[in-house]
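Asker: I'd like to ask you about the structure that follows.
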Amino acid sequence: MNSSCPTGSCAPGPCPPDEALSALVDAALPSEAGAGLLAHCAGCPRCTRRLAELRALGDAFAALPAIRLEVDLAAQLVDRLQAGAPAAARKRGQGPWWVRWMDRIRPPTPWRFAFSPFAGSVAAVGLGLWLGGMLMELEEPLSPLAANTTLAAMSVFGSVPPGNLCPRAGACGASGNAR
Amino acid sequence: MIGERPSSGADAGADTGEVRELARARAGDVAAFGALVRRHQERVFRFLHRMLDAREEAMELTQDVFVKAWQALPDWRPEAAFSTWLLQIARNAALDQLRRRQLVRFAPLEEGLEVADDAPGPEARYASRQRQAQLERALQRLAAEHREILLLREVEGLAYGELASVLGIAEGTVKSRLARARSALLEHFDPHTGASHE
């Protein structure tokens, strides 16, 4: 309520903002400020009405029916904590430094583990070993014929680039490759 | 200080028994934590119930709040009032739940604005029930940040400093937000007649 009161019916000074009236209702204003506001409201029907509304709002809240839990959650929780969650309060944050450090890095549940960096590292190492193992299995001893084929294929890529001179007589074959 | 509404501190009742239970619970004593749950369960549940307007949901969330509190108990410092700290956890849980709810289903605000309680009875009693129902409906129409601050102040009686702590805002902001929340509620609800302003 920032506007001034209607002419002729106001206490001196402009009408206080809602924030001040709200704080007045909460008893959150210093005594002097509160007294000043009350004096203003006494001469200002508009502020009197607003203050009455704010107070009535508080009364309406106070009249709300009680909400009861009607269940002893504590008993259920104690069972649950004793069975499932082993004293997080005690386990975490206590013990020697290395235990606390392990507590921080150890994933507490399988699901958390599945999404942790550990799972990624383990998977990467495992995949590497598996692929390496497969390559080792594929690498069988070559038969003499296969070895010759391999050597012939490799001779295509000679040590002397095309057009270069042989370093010594007889070092190059017909194709110009080093022997 | 001038005004009518008392600002009862949330932890005015934190007696030596509670202090002992807190110390034991922090050392890992589940039974002591159970005693703390018994002390605070009604308050946490009431706040969640009014925030969510769903009993079962509030009950489940109340359990979750205490489980979270148990897990975070080593981080709790005695400088922060335990009940205020619990309400802070409850408030965060309620906001998360409201966000999830918005993702899962769309609940039109205009739905069911009629007063549900039409049981016969004395006129005054009926009017009172009607007013209560309208207030509850009007509360659910407010933005969550307005609803929570009104519930914490008007129902739970938290002081401005405690509100600032629970909501994570400055005391000056508490004052202005509370005033805005009251204005917003008065747009939907007439506290004298209980009529809703549609």
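Asker: Going by the alpha-carbon gyration tensor, a ≥ b ≥ c the square roots of its eigenvalues, is the stretch B:119-198 rounded (a/c under 1.5) or, if a/c is not under 1.5, prolate (a/b greater than b/c) versus oblate?
Answerer: Details: a/c = 3.10, a/b = 2.21, b/c = 1.40.
Since a/c reaches 1.5 and a/b is larger than b/c, the shape of the stretch B:119-198 is classed as prolate.
Asker: Once amide H atoms are placed 1.01 Å from N in the peptide plane, what residues at a sequence separation of 5 or more from B:Phe189, or on another chain, have their amide H within under 5 Å of its amide H?
Answerer: Correct list: B:His197.
Asker: Here's another thing I want to ask about it. Could you list the GluC sites (Glu not before Pro) in the stretch B:8-91 that lie in coil according to DSSP, counting only those with at most 15 other Cβ atoms within 10 Å of their Cβ?
Answerer: Working: sites: B:Glu18, B:Glu21, B:Glu42, B:Glu56, B:Glu57, B:Glu60, B:Glu79; in loops: B:Glu79.
Here the sparse-neighbourhood loop sites are B:Glu79.
Asker: Between A:Asn164 and A:Val122, what FRET efficiency follows from the Cβ-Cβ distance if R0 is 45 Å, with the result rounded to 0.05?
Answerer: Values: r = 52 Å, r/R0 = 1.15.
With a Förster radius of 45 Å, E is 0.30.
Asker: Hey, another quick one. At R0 = 45 Å, how high is the FRET efficiency between B:Thr173 and A:Asp79 if r is their beta carbon distance? Nearest 0.05 is fine.
Answerer: Details: r = 41 Å, r/R0 = 0.92.
About 0.65, to the nearest 0.05.
Asker: Next question, about the same structure. Measure off 7 Å from each Cα along the Cα-to-Cβ vector at B:Trp76 and A:Met134, then give the distance between these two points in nanometres to one decimal.
Answerer: 5.4 nm
Asker: Ordering B:His40, B:His192 by how much accessible area each has at a 1.4 Å probe, largest first, what is the list? Working shown, then result.
Answerer: On the way: B:His40 20, B:His192 105 Å².
Output order, biggest surface exposure first: B:His192, B:His40.
Asker: Hey, got the average number of other protein chain Cβ atoms within 10 angstrom for residues in B:48-60?
Answerer: Details: counts 1, 3, 3, 0, 0, 0, 0, 3, 0, 0, 2, 4, 0.
Taking all residues of B:48-60 together, the mean is 1.
Asker: Can you pull the one-decimal nm distance between simple spin-label points at B:Asp96 and B:Arg20, each 7 Å off the Cα toward Cβ?
Answerer: A separation of 3.4 nm, rounded to one decimal place.
Asker: Give, as a single signed number, the net charge of other residues whose beta carbon lies under 10 Å from the beta carbon of B:Leu87, with Lys and Arg counted +1 and Asp and Glu -1. Mind dumping the intermediate values first?
Answerer: Details: positive: B:Arg43, B:Arg91; negative: B:Glu148, B:Glu156, B:Glu162.
Residues close to B:Leu87 contribute a combined charge of -1.
Asker: Just subtract the alpha-carbon distance of A:Asp59 and A:Ser31 from 0.36 nm times their residue separation and send over the number in nm, one decimal. It would help to have the intermediate numbers written out before the result.
Answerer: On the way: separation 28, 0.36 × 28 = 10.08 nm, distance 2.27 nm.
Length gained, A:Asp59 through A:Ser31: 7.8 nm.
The values are calculated or read from the model by the stated rules, or taken from the named source; none is laboratory data. Since the structure is predicted, the reported quantities are computational estimates derived from the model, not experimental observations. A quick note on method: Cβ atoms are made from the backbone with ideal geometry, for glycine too, and the neighbour counts reach across all protein chains shown. Side chains are part of the model used for accessible areas, which takes the heavy atoms of the whole protein and leaves out ligands, DNA and RNA. Shrake-Rupley method; radii C 1.70, N 1.55, O 1.52, S 1.80 Å.
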